[in-house]
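What follows is a set of notes on a single structure, which appears directly below.
Derivation of every value follows stated rules applied to the coordinates shown; laboratory data play no part. Small disclaimer: the values here were computed from a predicted structure and weren't measured. A quick note on method: Cβ atoms are made from the backbone with ideal geometry, for glycine too, and the neighbour counts reach across all protein chains shown.
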Amino acid sequence: MEATVRQKNLYQTVTDQFDRAADLMKLNEGVRKILSHPQSEIIVNFPVKMDNGKIEMFKGYRVQHNNALGPYKGGLRYHPTVDLDAAMGLAALMTWKTALTSLPFGGAKGGIQLDPAKYSAAEMERITRRFTYALGDNIGPDYDIPAPDVNTNSQMMAWMMDTYISTRKPADRQKNIHIVTGKPVNSGGLSGRDASTGLGVVFTIDEWAEINKIDLKKTSYIIQGFGKVGYWAAHFMNQRGATLLAVQDGSGTIFNSKGLNVEELYQYTKTNNGLVKGYSKAEEIDKIEFFKIKADIFIPAALGNQVTEETAPLLNVKLIAEGANGPTNSGGEKICQERGIKIIPDILCNSGGVIGSYFEWIQNKHQEIMELDEVNKRLKSKMSKAFGEMVKAADHYKTDWRTASYIVAISKIENSYRERGIFP
Ligand code: GLU
């Protein structure tokens, strides 16, 4: 058998994507140099006392890619794949995502390299609080604002907020609650923030369906990941009458040719550590068989590097809607293009999360409460505007949607550098 093609890491994927756009748009050479590097790469090593009384050391990362358009913004993930390269790639994606959707933010990302399944809830709380403390003034409510990402949730954001404000002067505590977004609604969070990434994914699928005159009621889809993004995307696809054929997560792959009941499956996962394996109204299939399923839409909503040189030739779908960050590597992308599989790029497709975060941030700064109807209306309008700008750029530059969305995003940052110049 021929040697398997080595998967490029996420940073390389994002760099390739940037280079393609920068070449095509003839990006200013100086700005290109600036955007090719993150502004800061922060690594903290910090101790945490485990339940057994022993001390364990953890390594936490925060990469701040660019803040030309506003404070750094982006999630923190807890996963064994977290390292400096991954954080660099993901931080750059945040810069493009916030610029594309016209948010007054830059881009950052970070996390801790660990497997959360190995720690108790009490240990996760101490790890999260100590990480927040270790980051110290490298984050700030108007400087760098973390949020949930893979394996982090609103509970952890509440611990981060509480830790951060507890280390401020008493009179400054309440005015700093926008240090993180994605908090529980009761603690300053936004109604609808939990669903906003998945809802945004489906808003972009709506736009694709409209362009192609496709009735989503008659479509089928497959999902990778059934967490914060995957479940909510399925929930809203279900509302449109589409049929979910298969779900793959870290525990396995389940398939039902007649369709899976989204809400029932979700209730099942709640009793099964969030995992789909063992769900009785589906058959379990092999990991690689998942990619061969004939469906209209594939929603990768888990980790990066899933649509690759190995899996892209197997796909039997019309559209990939990237709920995850960096799910398609450069080799996979090329194969999809050759095979006529359309991709709604991550920086647009999953931008509903950070748009929701922006509304939460404003809500906290203005000490007001935004109602769910208003949140969803504004989310739709922001995403639809960005979608339109992407399609226009794709026509103008005769390019794919990903490169077009990068061009839209990078142009805004390029203009800002042009207007301001470089200090000194
Ligand atoms: N982690 C999410 C993302 O990758 C949300 C980031 C945020 O809300 O700041 O877009």
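When GluC sites (Glu not before Pro) are flagged only if DSSP places them in a loop and at most 12 other Cβ atoms lie within 10 Å, the longest unflagged stretch of the chain comes out as 3-367. Relative to the Cα centre, the charge distribution of the stretch 200-249, modelled as +1 at Lys and Arg Cβ and -1 at Asp and Glu Cβ, gives a dipole magnitude of about 120 debye.
Name the shape class, rounded, prolate or oblate, that the alpha-carbon gyration tensor gives for the stretch 20-77, where a ≥ b ≥ c are the square roots of its eigenvalues, rounded holds for a/c under 1.5, and otherwise prolate holds if a/b is larger than b/c and oblate otherwise. Each step should come with its number before you reach the end.
Values: a/c = 3.97, a/b = 3.59, b/c = 1.11.
Judged from the Cα gyration tensor, the stretch 20-77 comes out prolate (a/c at least 1.5, a/b above b/c).
You can think of it this way: the chain between residue 339 and residue 12 has 115.4 nm of extra reach, that is 0.36 nm per residue less the Cα-Cα gap.
Dividing the Cα radius of gyration by the Kirkwood radius, what Rg/Rh value follows for the stretch 100-163?
The Rg/Rh ratio comes out at 0.99.
Relative to a virtual label point 7 Å from the Cα of residue 115 in the Cα→beta-carbon direction, which members of the stretch 52-69 show backbone nitrogen distances below 19 Å? Counting only backbone N, you get 52, 56-60. With helices as the sole contributors, the chain gives -14000 deg cm²/dmol at 222 nm; each DSSP H run of n ≥ 4 counts as -39500 (n - 2.57), and the sum is divided by every residue.
Full extension of the chain segment joining residue 272 with residue 384 gains 36.7 nm, where the gain is 0.36 nm per residue of separation less the Cα-Cα distance.
With a simple spin-label model that places each label point 7 Å from the Cα along the Cα-to-Cβ direction, the separation between residue 310 and residue 138 comes to 3.3 nm. Computed from the C-beta positions of residue 261 and residue 34 and an R0 of 45 Å, the FRET efficiency is 0.35 to the nearest 0.05. When only alpha carbons of the chain are considered, Rg and Dmax amount to 20.7, 67 Å.
The three principal axes of the C-alpha atoms in the stretch 215-264 carry coordinate ranges of 32, 23, 17 Å, sorted with the longest axis first. Take every DSSP beta bridge whose two residues both sit in the chain; close to 50 percent of them are antiparallel.
Relative to the Cα centre, what is the charge dipole magnitude of the stretch 269-415, using +1 at the beta carbon of each Lys and Arg, -1 at the beta carbon of each Asp and Glu, and rounding to the nearest 20 debye?
On the way: 20 positive and 20 negative charges, 50 e Å.
Charge dipole, the stretch 269-415, about its Cα centre: 240 debye, nearest 20.
Placing unit charges on the Cβ atoms of the charged side chains and taking the dipole of the chain about its Cα centre, the candidate lying farthest along the positive direction among 186, 127, 86 is 186. Taking the Cα centre of the chain as origin and assigning +1 to Lys and Arg Cβ atoms and -1 to Asp and Glu Cβ atoms, the resulting dipole is close to 520 debye.
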